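Below is one structure, written out as structure tokens; comments come after it.
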Amino acid sequence: MIWIHEITKVFQGKETDVHAVNGVSLSIAKGEIYGIVGYSGAGKSTLVRCINFLEKPERGSIRVEGFGQIEARDGRLYYSGEGQEASVPVTEKHLKQLRQGIGMIFQHFNLMDRSTVFENVAYALKYSGMKKPGIRERVLELLDLVDLRDKVNAYPSELSGGQKQRVAIARALANHPQILLSDEATSALDPEATESILKLLKDLNQRLGLTIVLITHEMAVVKAICDRMAVMEKGRVVEEGSVYDVFSDPQQTITRHFVESASGLGNVHKLIESGSPLIGSSNGVLVKCIYGRESVGDALISEVSRRFGVNMNIVLANVELLQDSPLGGLIMTIAGRPEDVEAAIRYMRECKVKVEVIDNGRVAE
Amino acid sequence: MGEWLNNLMPNVMAYLDKFWESVAATAQMFLLSGIFIFVFGCFFGVLLTVTRKGGIWENPVIYQIVDKVTNVFRSIPFVILLIFLIPFTRWIVGTAIGVKGAIIPLIVGATPFFTRQVEAALAGVDPGKVEAATAMGSGKWGVIFRVYLHEAVPDLIRAVTITSISLIGLTTMAGAVGAGGIGSFAINYGQNLHHQDIVNVCVILLLIVVSIVQSIGNALAKRTTNHSLIDRKN
């Protein structure tokens, strides 16, 4: 659906140029929800704005199904239609056409404060060539879709954050776009509103086949609705894959930080630092176990414990459903004779449990 | 009633015709120049907003020219400007005196002030709204009329109010150099003939007009904040 190829966006700073996005390539499939995570300043916001050219990249190209391709060469943009080789300089018309096919929602909603809900949703329809009765029908249809029909004559200042974002979603979908870009859309909302907006996005994705590109700094959002994800750091994509794979087997340090912050297992570092008796009293090896859909989780512990004569003490545990598959995480201490502990760990690894020794200072391996 | 007014302000009643004439002249100067100031000020204010760095039609050359010219004319005191513009006014409208002669200096004097007010009002529009409109396919004109000018209405009303009040002041000053109106009436018939009641009435009248303009401006600005001026139900 969207092919991002070697996109580079440079902001000219006073002393040095900042590569906000540095040679990023990604492809986003039709009908999927794609999450891009990173800390603020990682370049995710700039990257997503390059998709609809709110930011103009210096180099690289964006191809969108049903539209064609825009290539940037030294800051100049060239358009080539689908399947065409020849390219022409991009005009305002090309950008309008592209943007009509891509809806966008924002962290701070960006509704027109002096317009009613109806007028806000009708805004984009003015460019569609529709007549008044048609516009009215479409607006009401969209408000039904986001469950805000009763607020048709309200002003944004009379709505809650969640309701404002619903209006923004209705507005973004007005021209039947195939793609929705979401820029931290839930970051300004309370947990309850966040959940309902995420549910709505998932629902729209399934009902309309909408492709959603979502950027966020909250792993919980990615975990809740994304199919695939990318992690960005300093303008580059450092890790990419299905949400389940990234969560069950994060490769990069930054990804591990994100995953741990989302699961609560990261708390173990706090326990170690504070010298908590939870891990300090038992003399054993402190390990982290991640087990997924292919390994049996809880039965394993009692089995290993019996078979190898070791004592296993669970410090922290976390099991969640990701894309309908269970993903478990355990932090525990394993105490016993060093060779038994080692054998136990080896056995668990054979059972496809990912075992990571956090602290083995208490026994010689 | 007539008797009572005659006792209260004998000289005003004696020159009542002249008084009404001067009120009409001031109103004429105010409205005629006001229309041009509004149009030019909006135009240049929008121009400054869209051509500035990061604007939707970034153009440093145009921005610098408009910015500098605005600054220069804002820094010239109005009384000096009146004299300075006499040849230019003569060339444009054929005379430099009377209501006709006052219009050009009033426009030149108040437009830079209003331009800055418009620019400030538009600067208050959240850039996120511009971004959202652009993402929906709005071009430059769409952003100017449907976002900037639409969302800034309360601040624009405040700008019009402040400029109107300052324009009333300028019209009386123009009166001092032969443009007619309340200003010259107060000087010629009040000050010069030692008729203090005429000066007093002029002051009271201006106070009342300014208060009315200010109250209407405040009410409209309040009404249009987060709200359309006229309710349209759908």
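Here, each number is a calculation from the coordinates, and none is a lab measurement. Given the structure is predicted, the values throughout are model-derived calculations rather than measurements. As a convention, Cβ positions derive from the backbone with ideal geometry for all residues, glycine included, and neighbour counts pool all protein chains shown.
With respect to chain A, whose longest principal axis is taken over its alpha-carbon atoms, helix A:191-208 is tilted by about 70°.
Here is the size of the protein assembly as shown from its Cα atoms: Rg then Dmax, 34.6, 120 Å.
Averaged over residues, the count of other Cβ atoms within 10 Å places the peptides A:318-329, B:26-37 in the sequence B:26-37, A:318-329, highest first. Any idea how far the Cα center of region B:157-208 sits from the one of region A:39-99, in Å? Distance between centres, Cα-based: 60 Å. Loop-located trypsin sites (Lys or Arg not before Pro) across region B:10-60 with a Cβ neighbour count of 11 or fewer within 10 Å are B:Lys53, with loop assigned by DSSP.
On a 0 to 90° scale, report how tilted helix B:98-123 is relative to the longest principal axis of chain B, with both axes built from alpha carbons and the result rounded to the nearest 10. Tilt of helix B:98-123: around 30 degrees.
Take A:259-265, B:147-153, B:218-224 and order them by the average number of nearby Cβ atoms within 10 Å per residue, most first; the result is B:147-153, A:259-265, B:218-224.
Taking the alpha-carbon distance from A:Lys288 and a cut-off under 13 Å, which aspartates and glutamates remain once sequence neighbours fewer than 8 residues away in the same chain are dropped? Within the straight-line limit of under 13 Å, A:Lys288 reaches these aspartates and glutamates: A:Asp249, A:Glu260, A:Glu356, A:Asp359. Semi-axis lengths, largest first, of the ellipsoid equivalent to region B:2-224 are 40, 21, 11 Å, with √(5λ) applied to each eigenvalue of the Cα gyration tensor. By the rule of a C-alpha distance below 18 Å, with chain neighbours fewer than 8 residues away ignored, the aspartates and glutamates paired with A:Lys93 are A:Glu55, A:Glu65, A:Glu71, A:Glu82, B:Glu131. Centroid-to-centroid, using Cα positions, region A:127-144 and region B:110-141 are 27 Å apart.
Return one number: the angle in degrees, 0 to 90 and rounded to the nearest 10, between the long axis of the Cα atoms of helix A:253-263 and the longest principal axis of the Cα atoms of chain A. With both axes taken from Cα atoms, the answer is about 90 degrees. Taking other C-beta atoms within 10 Å as the exposure proxy, B:Leu82, B:Leu5 rank B:Leu5, B:Leu82 from fewest upward. Computed from the Kirkwood radius of its Cα pairs, the Stokes-Einstein diffusion coefficient for region A:202-360 at 37 °C and 0.692 mPa s stands at 192 µm²/s. Across all Cα atoms of region A:266-359, the radius of gyration (one decimal) and Dmax (whole number) stand at 13.1, 39 Å. Protection proxy ranking for A:338-350, A:225-237, A:50-62, using the average of other Cβ atoms within 10 Å per residue and placing the highest first: A:225-237, A:50-62, A:338-350. Can you give the mean number of other chain Cβ atoms that lie within 10 Å of the Cβ atoms in peptide A:287-294? Neighbouring Cβ atoms belonging to other protein chains average 0 per residue here. Taking amide H as placed 1.01 Å from N in the peptide plane, the amide H of A:Val21 sits under 5 Å from that of A:Lys9, each at least 5 places away or on another chain. Around the amide H of A:Met104, modelled in the peptide plane, lie the amide H atoms of A:Leu181, all under 5 Å away and 5 or more residues distant in sequence or on another chain.
Mean per-residue shielding of peptide A:104-115 is 6, counting Cβ atoms of other chains within 10 Å of each Cβ. Based on the convex hull around the alpha carbon atoms, region A:1-156 presents an average projected area of 11.7 nm². Taking a straight Cα-Cα cut-off under 15 Å and skipping sequence neighbours fewer than 8 places away in the same chain, the aspartates and glutamates within cross-link reach of A:Lys126 are A:Glu137.
What is the local net charge at A:Glu6, summed over the other residues whose Cβ is closer than 13 Å to its Cβ (Lys, Arg +1; Asp, Glu -1)? With Lys, Arg at +1 and Asp, Glu at -1, the neighbours total +3. Coordinate range of the alpha-carbon atoms in region B:173-229 per principal axis, descending: 52, 22, 10 Å.
Averaged over peptide B:223-232, the number of partner chain Cβ atoms lying within 10 Å of each residue's Cβ comes to 3.
What pairs from B:Lys53/B:Lys129; A:Lys131/A:Lys164; A:Lys56/B:Lys53; A:Lys56/A:Lys96; A:Lys9/A:Lys223; A:Lys164/B:Lys129 go past 19 Å between their alpha carbons? A:Lys131/A:Lys164; A:Lys9/A:Lys223, as the Cα separations exceed 19 Å there.
Here region A:266-359 is assigned +1 on the Cβ of each Lys and Arg and -1 on the Cβ of each Asp and Glu. Its dipole about the Cα centre then comes out at about 80 debye.
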